[in-house]
1. Could you work out the relative contact order of the chain, using alpha carbon pairs under 8 angstrom and six or more residues apart, expressed as a whole percent?
2. Go through (i) 20.3; (ii) 26.9; (iii) 29.9 and flag the label whose value is the computed mean projected area of the Cα convex hull in nm² for this structure.
3. Which of the three applies to the range 1-146, rounded, prolate or oblate, going by the alpha-carbon gyration tensor with a ≥ b ≥ c and a/c under 1.5 meaning rounded?
4. Positive end of the dipole of the range 251-375, charges at C-beta (+1 Lys, Arg; -1 Asp, Glu), about the Cα centre: which of G328, A310, H345 has its Cα farthest in that direction?
5. At 1.4 Å probe radius, can you tell me the per residue accessible area of the range 106-261 in Å²?
6. Of the accessible area of the range 10-242, with the probe set at 1.4 angstrom, what percent is carbon plus sulfur?
7. I'd like to compare 305-313, 284-292, 362-370: which one has the highest average count of other Cβ atoms within 10 Å, and what's the full order after that?
8. Ignoring ligands, DNA and RNA, what percent of the 1.4 Å accessible area of the range 251-375 is carbon and sulfur?
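The values are calculated or read from the model by the stated rules, or taken from the named source; none is laboratory data. The structure presented is a predicted model; accordingly, all values stated were derived computationally and were not measured. Ideal geometry is used to build each Cβ from the backbone, glycine not excepted, and the neighbour counts take in all protein chains shown. The protein model used for the area step is the full one, side chains on, heavy atoms only, and it has no ligands, DNA or RNA in it. Shrake-Rupley method; radii C 1.70, N 1.55, O 1.52, S 1.80 Å.
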Amino acid sequence: GSYSASQGINCIREDVASYIERRDGGVPADPDNIYLTTGASDGIATILKILVSGGGRSRTGVMIPIPQYPLYSAAISELDAIQVNYYLDEENCWALDVNELRRSLNEAKAYCNPKVLCIINPGNPTGQVQNRKCIEDVIHFAWEEKLFLMADEVYQDNVYSEGCQFHSFKKILYEMGPEYYNNVELASFHSTSKGYMGECGYRGGYMEVINLHPEIKGQLVKLLSVRLCPPVSGQAAMDIVVNPPIPGEESYSQFIKEKESVLNNLAKKAKLTEDMFNKVPGIHCNPLQGAMYAFPRIFIPSKAIEEAKAHKMAPDMFYCMKLLEETGICVVPGSGFGQREGSYHFRMTILPPVEKLKILLEKVKDFHIKFLEKYA
C-alpha cells in the first residue's frame, strides 16, 4: 500500500522497455523514457498540460482527428488550448490524408500556434488501422512542421482485417533514419483497458516519450510528482500485460488459447457488424479494421431533422434517443465525436457475445427501417 516512485516502479518500467523492444523488432527502448500512468488518459492529459502555453494567436493549437475520442476535446478545453480539427476520409475507410493535415495546419496558423499532432491508431471511434506509408507521411509532416507527435496506440492488439497490421509510430520513426529518429518528439501511449485484457478498472497504462529536451523532461517528472504515483495495482497489471506467459511455461497454452479466443471473437463480430449494417437501407458502415467499435453513417430524413430541431437536439442525438426509448439499445451519437457537417453517425461497441450482438443488430435494423418510414 505504499507510494511508488512518481515515474513508476523501476523494474516495471524496465519490463515495459523490453516489451517495446520485442514488439518493434529490436528498436531500443530506454526505461528512463517510460512513465507509468493512471490509464492512457492520464498520460495524454499530462503531455498536453506540459505542451500548452501562450495567449491569443500564440496559444498552443492541438491537431486532433475528427471523429475523435472526446478525451482530447475535453482536455484541450480544460487547458484552454485551441482545438484544431483535421478530418479523416470516410469515403476512403477513414484514412488519414496528409493534404488534409496541411490544410488544417495552415488555416489554424491564422488564430493559434499549432504545436501538437494527435493520432489515434487503431482509430476510436472509427476503427481504421493506418498503413505503413500513411505513418511515414505523418512523421515526415511532423518533422517538417516541427510538431510534437502524440500516438494513442491503446488498441494495438485489436487488428482484424486481412492485410492490416499494427505499426507503432516509434518503430517507423526509427526505420526512417537518424534525421527523423533523433529529432521528432514523440509520446506514445498504451493501456491495460483495451486489447484482449479489458482490465479498465485497474487504471494501468504507460507512455514512452522520446526526444524531449532534458529541461522539459525535468519539468515532466516534477509535474508527475504532484500526483504522487499511479495506482500500484495498475502498475502491476501493466507489468503482467507486458510480461505474458512464454512458450514452455505452465500457463502458456491456456493464455494463448484465451487470448486468441477473445481476439478471434472480436474479429468475427467486427465482420458481422459491418455486413449486417450494410444490408440496411440508409446505413453505411466502413470495414471495422481494428479497435472495438462500429461508427456507421446513418441517413436521417429532413422531417426527422426538423423534429430534432424542435426538441433542441442534434439530429443524431434525436435518433439515438428514439433508438434507446424504443429498443433499449444505447449507442452514442456521432456529434459527440465530431463529424463532417451534414453527415450523421453513431458509435456502438462490438463487445456483446455473438448471439446477443446478432439480436441487437436485427433490432437496430428494424428500428431504422421504421424510422425511415415514419419520417420519409
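1. Worked out over the chain, it gives 19 percent.
2. Matching the structure shown: (i).
3. oblate
4. H345
5. Roughly 45 Å² per residue, with all protein chains present.
6. Whole-percent figure for carbon plus sulfur exposure: 49.
7. 284-292, 362-370, 305-313
8. Whole-percent figure for carbon plus sulfur exposure: 56.
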